[in-house]
Amino acid sequence: MFHKSWVRNSVAFAAVLILIAISTLFYLNAVSVANHRRIEDYRQQVGANSAAELWAKSIEQRDPRLFGLHDAGFLSSVQYIQDQVEEDAFSITTTQLQELLSILRNSQGVQVPEIVDLSTPVLVNFSLLRSVIVECCQSQEESTGTEAGTATKEQQERWLIGVELAESLTAGGFIIDELIRFALLKTLLERGLSLIESDDLVFLENSAATLSRISSPEDGIARALQIETLVVMELEEWQASPFTSSLDLRWYLDQQIPLSLDPTTETLQALSVEEPPVYALLSSVVLPQIDSIIEKSNQMSARLLAVRCAFEATAARLRGVEWTPPTGVELIPSAAGGAARIHVSGSSVATDVDLPK
């Protein structure tokens with residue numbers, strides 16, 4: 001009697017385990033199917049089936065008012081640039097910078113890699129490009145080590161060349177490429193602040209127009225996030241074990257899709273900021289630390305707008321007309337004999353720009 005009871009209990013227990021296993025498989029399959037549906041919906045939302053396609057579209061559909069994008073590889077082909085790389089010392093004259101800009105404008109447009117994955121290298125030689133941009137932010141005398149006596153117009157021209165070079169040669173599709181662009185832009189904006197006090201109306205107006213041709217840092221991060229999201233969606237690891245990885249992929253999609261479509265602080269706050277669950281092994285590796293990236297892009301966008309408005313306001317003062325701040329920008333009057341300030345609404349005071357007294 002006892003023996004028969006034990007058998008019945010064992011059979012019942014086994015049946016329960018089988019039902020649990022079947023239910024689990026059905027559940028994981030449902031999650032997997034839902035994941036694939038969300039991925040297809042996402043591809044439709046961003047208008048591309050692959051990361052390479054989206055990257056190419058972002059270049060083809062670039063606003064014509066922005067600087068054209070070129071292959072940064074041409075820098076290494078310019079002889080006097082290559083000579084200085086080998087000598088490990090940079091000193092570029094204004095004439096050489098003018099020649100470099102001419103070569104750039106006639107060089108090949110940037111080419112997107114046929115296959116874009118996590119092994120795709122960064123397209124920009126950051127060290128080389130940074131060396132060139134630093135030279136643009138110096139006067140020719142500082143660059144070549146000759147005696148002082150520089151002409152302000154030459155400093156202004158070198159800086160304007162630097163802005164175009166940096167913006168035209170940073171066309172990467174990943175977040176790291178955008179962060180490289182931010183680093184170069186930060187250097188250029190700091191140099192631009194020292195040139196705002198110019199009384200050259202033509203230069204001030206040209207500077208404002210040049211800065212308006214720089215792609216929005218916030219838009220750049222949004223594009224990079226979408227490209228990287230498509231890259232991760234295409235990982236072979238998801239395909240190799242669609243059942244066991246379905247929960248992992250679902251958690252990634254829950255976090256990444258809303259952010260890549262609307263990379264704002266508000267979206268970030270609405271999502272879970274907790275540590276990834278134990279089953280999200282791959283997600284915890286491929287999900288970027290987006291909070292600091294969003295903050296950096298917001299600050300860079302605000303700083304760029306503030307500096308551009310400072311050039312516009314200074315030019316308006318020289319023309320003897322009143323400057324009206326654009327939407328989202330405040331002109332804070334001077335206090336106790338200090339300088340008036342440009343402030344971008346909602347941004348940190350660290351991005352403010354003081355106008356010349």
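Brief remarks on what is shown
- 0 to 90° range, to nearest 10: angle between helix 2-46 axis and the chain longest Cα axis: 30 degrees
- Spread over its residues, the convex hull of the C-alpha atoms of the stretch 192-311 is 107 Å³ per residue.
- Between Ala209 and Ile176, full extension at 0.36 nm per residue minus the direct alpha carbon distance yields a gain of 9.2 nm.
- Nitroxide proxy distance, nm - points 7 Å out along Cα→Cβ at Arg37 and Lys186: 4.4 nm
- Which labelled figure in (1) 110, 53, 32; (2) 58, 42, 40; (3) 65, 51, 43 is Cα extents along the principal axes in Å, once derived from the coordinates: (1)
- Taking amide H positions as modeled 1.01 Å from N, with prolines and chain starts lacking one, the residues under 5 Å from Val344 and 5 or more places away or on another chain are Glu330.
- Relative contact order, whole percent, for the chain stands at 17, derived from Cα pairs under 8 Å and 6 or more residues apart.
- Cα centroid separation - the stretch 284-357 against the stretch 160-192, whole Å: 18 Å
- One chain, two ends: Leu281 and Asp117. Fully extended at 0.36 nm per residue, the span grows by 57.1 nm beyond their Cα-Cα distance.
- Local electrostatic count at Leu189 - Lys and Arg +1, Asp and Glu -1, tallied over other residues with Cβ under 10 Å: +3
- Working note: 222 nm ellipticity from helices only, DSSP H runs with n ≥ 4, each -39,500 (n - 2.57), summed and divided by the residues of the chain, gives -19500 deg cm²/dmol to the nearest 500.
- Cα principal axis extents for the stretch 253-357, largest first, Å: 64, 26, 19
- When the GluC sites (Glu not before Pro) in the stretch 248-357 are filtered for DSSP coil states and for at most 16 other beta-carbon atoms within 10 Å of their beta-carbon, the remaining sites are Glu274, Glu322.
- Normalised by 2.2 N^0.38 Å, with N the number of residues, the alpha-carbon radius of gyration of the stretch 150-222 equals 1.17.
- Separation of the Ile332 and Asp291 label points, Cα + 7 Å toward Cβ, nm: 2.6 nm
- Between 0 and 90°, nearest 10: helix 94-105 axis offset from the chain longest Cα axis: 40 degrees
- Relative to the longest principal axis of the Cα atoms of the chain, helix 246-261 runs at roughly 30 degrees.
- Peptides 31-41, 129-139 ranked from most to least packed, by the mean per-residue count of other Cβ atoms within 10 Å: 129-139, 31-41.
- Placing pseudo-labels 7 Å out from each Cα toward the beta carbon at Ser348 and Trp323 gives an inter-label distance of 2.4 nm.
Bear in mind these aren't lab numbers, they're just calculated from the coordinates by the rules spelled out. Predicted model only: the values in this text are computed from it and were never measured. Methodologically, a virtual Cβ is constructed for each residue, glycine included, from the backbone with ideal geometry; neighbour enumeration extends over all protein chains shown.
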